[in-house]
There are 2 protein chains.
Amino acid sequence: MPDATTATKPKPAKPAATPAPARAPRKRGETRERILALAEAAVLEKGFAGTSIDELIAAAGITKSGFFYHFKDKGDLARALMQRYIEANDEILLGILKRAEELNDDPLHGFLVALRMLAELVADLPNGHPGCLVAAFTYQDQLFSRDIRALMERGNQGWREMYRDRLARIAERYPPRIPASVDDLADMANALMDGGIIQSKVMKDPQVLPRQIMLYRDFLRMVFQPG
Amino acid sequence: MPDATTATKPKPAKPAATPAPARAPRKRGETRERILALAEAAVLEKGFAGTSIDELIAAAGITKSGFFYHFKDKGDLARALMQRYIEANDEILLGILKRAEELNDDPLHGFLVALRMLAELVADLPNGHPGCLVAAFTYQDQLFSRDIRALMERGNQGWREMYRDRLARIAERYPPRIPASVDDLADMANALMDGGIIQSKVMKDPQVLPRQIMLYRDFLRMVFQPG
DNA sequence: CCTGAACTGCACCCACGGTACAGTAGCCAT
DNA sequence: ATGGCTACTGTACCGTGGGTGCAGTTCAGG
């Protein structure tokens, strides 16, 4: 009943309601990006429902109205978060694979170099890997709309295919010693990343993840490397 | 304005406030177990903060007071949930390992049989593996107290040691072909379970997890099996 | 028959997600 | 220089969820 409330209010003619906002508007996308970065870190530590809009706006130094200017609702934040994460991860993964392949004509050696680079990358993160947002969302997926879950699936599918393409080219040149499918080997890369992150976090040892990547690398060498 | 409401009420001296509760008390532990089972399923789908006490009591057919009779607060529920999960998982895992070892004197064959049994177990779950509560909690661990996180670490450490012990005995008899540590190989089992569950969920294919377990089994065969 | 375990009912509080809307500071193009 | 747009601020309000506190009730078992 807003009418009753409105009636009790003084309602001073028209102006003088808001005295003077302290801070100025920022550049396009700047505040939005700050919210997303804060939200991603918080969601990886407390889950999505456990992360309040209030804490994000306090950390970002804006008001609630400011938040809802950038995001329609909390679900919209989730979507933006997942989009941003997938794009960033795509870029990192593709970057490593491309760099490794530039230095190696051989598909097997190229991929083995890429895995070593990946292991080094995560080993050097000061506080360990912050976590995979897709994995985090998967364990809370009933909070999200159908399209966000589709986004997650597409993102994961993309990484799977990056691995699978490389593995298929390797298998062409080096016949595998066991009848393992390249699809399963590709899934294993994804699974070991997700599982390795979780094991690192649970055991409070950031080095578990890079060691698992190197172990996967050993596995591939045994499967494909001749001699 | 609740005061107005209170004022309008009759407030009859002292008694006659509560007429007659419909349902009767149940057997010891029965309701508590029902709440825990409902909560575990809900937490694996929506996260801990995303699971409301209201929905649990509605599903369990009790009142809020009934809930707080069994659990001091929501954190107490989390602790009970984790305890229950670790004990149940311990039992399943140990049961499989013991059964496989009864049928096999050889440590390698025994472990390979156990892995096959594990793969079959998860392959036969009608809706796929419901999820690992330790993994779920790990991605929301700032919601939980220090002692719950310690509980998770101990539980995971227990599973790690179950695998490590078997692998150590295997390595004694069959010298590994690569210098991989049994600790890393044990971590890989845990990581592939966690990661395999996530991959199954994201890709909506329950068979990814059993296939990853079988692939891990292939890996161990390559590492240890002579000939 | 009485006790205690296992609840119910009611009242109340604060935090959080969300809605609605009016006002405003600074930049940019005309 | 001015008007319009973007990026916000401030205020008020609502429903839901997590809790707290406490008195009362039911029923099984000793």
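The values are calculated or read from the model by the stated rules, or taken from the named source; none is laboratory data. Because the structure is a prediction, the values reported are computed rather than measured. Glycine also receives a Cβ, built like all others from the backbone with ideal geometry; neighbour counts cover every protein chain displayed. When the accessible area is computed, the model is the full protein with side chains, heavy atoms only, and any ligands, DNA or RNA have been set aside. Shrake-Rupley method; radii C 1.70, N 1.55, O 1.52, S 1.80 Å.
Are there trypsin sites (Lys or Arg not before Pro) in segment B:138-226 that DSSP marks as loop and that have at most 12 other Cβ atoms within 10 Å, and which are they?
Qualifying residues, ordered by number: B:LYS204.
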Inset, instruction - Per residue of B:161-169, count partner chain C-beta atoms within 10 Å of its C-beta, then hand back the mean as an integer. - result: 0
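For a test of the definition: using alpha carbon positions, the gyration tensor, and the 1.5 limit on a/c, classify the protein assembly as shown as rounded, prolate or oblate.
Details: a/c = 2.90, a/b = 1.45, b/c = 1.99.
The shape class here is oblate.
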Legend entry - Helix-derived mean residue ellipticity, 222 nm - over chain B, DSSP H n ≥ 4, -39500 (n - 2.57), to 500: -23000 deg cm²/dmol
Legend entry - Shape category assigned to segment B:184-227 from the gyration tensor of Cα positions, a/c cut at 1.5: oblate
Legend entry - Per-copy distances of the A:PRO179 label point, shortest first, in nm (7 angstrom along Cα→Cβ): 3.5
Inset, instruction - Distances from B:SER145 to the same position in the other copies: list them in nm, one decimal, shortest first, using label points 7 Å from Cα along Cα→Cβ. - result: 3.9
Legend entry - Alpha-carbon centroids, segment B:122-171 and segment A:131-208: separation in whole Å: 19 Å
Legend entry - 7 Å along Cα→Cβ, label-point gaps from A:ILE92 to other copies, nm, shortest first: 3.0
Legend entry - Out-of-range pairs (alpha-carbon distance over 19 Å; input A:LYS46/B:LYS46; B:LYS46/B:LYS201; A:LYS74/A:LYS201; A:LYS204/B:LYS72): A:LYS74/A:LYS201; A:LYS204/B:LYS72
Legend entry - Residue-normalised accessible area of segment A:15-157, expressed per residue, 1.4 Å probe, Å²: 53 Å²
Inset, instruction - Enter the mean number of other protein chain beta carbons within 10 Å of the beta carbon of each residue in B:152-159, as an integer. - result: 2
Inset, instruction - Measure nothing but the geometry: give the 0 to 90° angle between the long axis through the Cα atoms of A:30-46 and the longest principal axis through the Cα atoms of chain A, rounded to 10°. - result: 70 degrees
Legend entry - With Cα atoms, 0 to 90° folded angle of helix B:208-224 axis to chain B main axis: 30 degrees
Inset, instruction - Summarise the partner chain shielding of B:216-222 as one whole number: the mean count of Cβ atoms from other chains within 10 Å of each residue's Cβ. - result: 4
Legend entry - Using alpha-carbon coordinates, inclination of helix B:107-123 to the longest axis of chain B, degrees: 40 degrees
Inset, instruction - State the percentage of accessible surface on chain A attributable to carbon and sulfur atoms; use a 1.4 Å probe and exclude ligands, DNA and RNA. - result: 54 percent
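Interface size between chain A and chain B, please: total buried accessible area, 1.4 Å probe, rounded to the nearest 100 Å².
4500 Å²
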